[in-house]
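The values are calculated or read from the model by the stated rules, or taken from the named source; none is laboratory data. This is a predicted model, so every value here is computed, not measured. So basically every Cβ, Gly included, is an ideal-geometry build from the backbone, and we count neighbours across all protein chains shown.
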Amino acid sequence: MNFIMVLTIVLILFGLFKLLKLYKVYLVLKKKEVDYEKLHKFLIIIPVYKEQLRIKQCIKAFERINYDNNKVKIVFATTNKEKVKPHTHDILEEYLQSNTTIFEYQVLMYPEEYGSSAEQVNYAFNQLRMEEANIVGIYNADSIPQKDTFLHVSEKFKDSKVNYLQQRISFFSNLNNNLFSLGYAYHQTIFELSVNMWKDLYGNGGIIAGRGLFLRKDKVGDCIFPENFFCEDISLYFFLKSNKEKIYTINTLEFNEAPPDLTSIIKQHSVWFHTANSFYELYKYVKSSLNNELPLLFWYFIFKRIIMNMIWLCAPLFLSLLCIYNPILLLMIGLYCIITTSIINKLTTEEYKGKHLLISSFSLMIYLFLYNLGPLKYIINQILKFFYTKEVVKYKTPRREAHNEKNYSNS
């Protein structure tokens, strides 16, 4: 048996294992109970920047959540660096003053003309640290939590072992874009469920995101997120795992947007890859956060991250070469895409349905051969830095305009 055939068999077995994990998570997500006791009070922080097109829809998305209205406070952390008129801050204040809402809302302006969403979140938290809420949640302006989310979160936090909880994401709130965006939505959702949620349920927790994240308030120190990274969630993850914190989850998803085009996807992945390779900065942050005591776990996760980065960078090219030498593998990949997208489609709601099976499978198949373009962009930029000086910029992922008449009652 030649080397190419061995690699093909290994990849097929890997795909089968991933399918089994995805199906197991699917069975967990289909089991839901929502008659939980509403115990905890929530402080929800939503950092916003240039969200004029969707901020009203964000409020409507949270208004249909099923929970006691006197146990939830939602805070929008706007920023003074936003120069577009009308300012999101002004739109929020005008809308909240002229409309009756179920939950309590507050708008806070982060006063600086620089900084990231992490600084907005930290500012809002420190301004409201004395609030009675015992659970802090972080969402984005395009977040659409399912209506039973807070019930599940409250039930989970009844367990005193739970300090950090990550609601997993389905990228199905804007599937009317091109094939690249559609492929991204399926690929990222599959990764969220078969890798991250699997680890949440059967391991020590997957990678956290800066949205759908819940924390026990009395476990938060001076800030929620570190502020000197492009991706505050990746850096926080390194700290939590090095400190032996387990990440928990709930069996209900949050709907998010996929980037609208291939260019946006490449820029977003380049930003993610930037922080995932900032090993020295991660070393300094974790060491200082743990009083200069760096556990062996940190080095384990650094090594693991290096391997994952190499796979992310090289896997699509490697897969393309294998398919050229062994076309049977291409057929197996197509079958894998059909099965996985059909499972994902069963998890969507009436409002956020997946696309036609063949279209979704084809888009996922295309994306599997292209998802290293963001890391490649990062590598090219690092090489070009030797020839000219250019400031590294964190891109904001573009939003589509929210549908004004969208009905959120089914999600």
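Listed values, structure above:
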{"read-out": "Contacts under 6 angstrom Cβ, first residue in region 53-69 being not assigned by TED's automatic domain parsing to the domain that holds E94, partner surrounded by fewer than 17 Cβ atoms within 10 Å (Cβ to Cβ), 6 or more apart", "value": "none"}
{"read-out": "Test result for D261, of a type in the set (D, E), touching a residue at least 24 places away in the same chain (Cβ under 8 Å) and surrounded by fewer than 16 Cβ atoms within 10 Å (Cβ to Cβ)", "value": "yes"}
{"read-out": "Options D233, D261, D218: the member that is among the charged types (D, E, K, R), more than 16 Å from the chain's Cα centre (by Cα) and under 30 Å from F369 (Cβ atoms)", "value": "D261"}
{"read-out": "Qualifying residues in region 129-170 (those that are buried (at least 23 other Cβ atoms within 10 Å of the Cβ) and among the aromatic types (F, W, Y)) - the one farthest from the chain's Cα centre (by Cα)", "value": "F150"}
{"read-out": "Search result, residues across region 227-247 that are surrounded by 21 or more Cβ atoms within 10 Å (Cβ to Cβ), touching a residue at least 60 places away in the same chain (Cβ under 8 Å) and not in a helix (DSSP H, G or I)", "value": "F229, F230, I247"}
{"read-out": "Meets criteria (within 25 Å of Q146 (Cα to Cα), part of a loop (DSSP other than H, G, I, E, B), modelled with pLDDT under 90 and outside the structural domain of F14 (by TED's automatic domain parsing)) for N204", "value": "yes"}
{"read-out": "Residue list for region 148-158, filter: touching a Phe, Trp or Tyr at 6+ places or on another chain (Cβ under 8 Å) and either within 28 Å of K56 (Cβ to Cβ) or in a loop (DSSP other than H, G, I, E, B) (or both)", "value": "F150, L151, H152, V153, S154, F157"}
{"read-out": "Scan of region 360-380 for residues that are assigned to a helix (DSSP H, G or I) and under 22 Å from Y336 (Cβ atoms), ordered by number", "value": "S360, S361, F362, S363, L364, M365, I366, Y367, L368, L373"}
